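Note sheet for the following structure.
The values are calculated or read from the model by the stated rules, or taken from the named source; none is laboratory data. Keep in mind that what you see is a predicted model, and the values were worked out from it rather than measured. Using ideal geometry, Cβ is built from the backbone for each residue, glycine included, and neighbour counts are taken over all protein chains shown. Just so you know, the surface numbers come from the protein's heavy atoms only, side chains and all, with ligands and any DNA or RNA stripped out. Shrake-Rupley method; radii C 1.70, N 1.55, O 1.52, S 1.80 Å.
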Amino acid sequence: MRTAFHLTSGDEDHQKTVLTIAENLSNDETIEMDDIAVVAQAEGIAPFKKDGTHSDTVEELLDAGIEFRACSNTLDMMDLDDSDLVEGVETVSSGASELTRLQDDGWAYLRP
């Protein structure tokens, strides 16, 4: 099974909730997960930034095998570059197109 989380909120508590749910899913031994990804756009990109409030959590989850994908349109709008992101975060053409591709490929979509 594969699950994609959609993160768009600038609210730090909501961002932490999404990251915690992704981590909990990764650690749940009652379900066999093949892949977990968090796709961020708009203000949801904040935890992916090197200086983001939850960047340490993103680094830990990357090490645990959770994927993080950042919308390049958002990066452009916020005048950010790949180098501003936590190492290991992948940049995708757009958050919407990435989520569409993942869902078309059979991934579950969650937007907590």
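Odds and ends about this structure:
- Considering residues of segment 36-53 that are in a helix (DSSP H, G or I) and not small (Gly, Ala, Ser) only, the residue most open to solvent (accessible area, probe 1.4 Å): Glu43
- Considering residues of segment 88-104 that are free of Cβ contacts under 8 Å to residues at least 12 places away in the same chain and among the charged types (D, E, K, R) only, the residue nearest to Gly52 (Cα to Cα): Arg101
- Residue within segment 58-66 that is in contact with a Ser or Thr (Cβ under 9 Å, 6 or more places away or on another chain) and at positive phi present: yes
- Residue list for segment 54-108, filter: crowded, with 16+ Cβ neighbours inside 10 Å and part of a loop (DSSP other than H, G, I, E, B): His54, Ile66, Leu80, Val86, Val89, Trp107
- Residues that are open to solvent by 10 Å² or more (accessible area, probe 1.4 Å) and closer than 16 Å to Leu7 by Cβ within segment 17-35 comprise Thr17, Thr20, Ile21, Glu23, Asn24, Leu25, Ser26, listed in sequence order.
- Residues satisfying the stated conditions in segment 85-98, i.e. out of contact with any Ser or Thr (no Cβ under 7 Å at 6 or more places or on another chain) and under 16 Å from Leu62 (Cα atoms): Leu85, Glu87, Gly88, Val89, Glu90
- The residues on offer are Val58, Val38, and the sole one that is in contact with a Leu (Cβ under 6 Å, 6 or more places away or on another chain) and without any contact (Cβ under 8 Å) to a residue 60 or more places away in the chain is Val38.
- Selection from segment 54-79 of residues that are touching a helix residue (DSSP H, G or I) at 6+ places or on another chain (Cβ under 9 Å) and hydrophobic (A, V, I, L, M, F, W, C): Val58, Leu61, Ala64, Ile66, Phe68, Ala70, Cys71, Leu75, Met77, Met78
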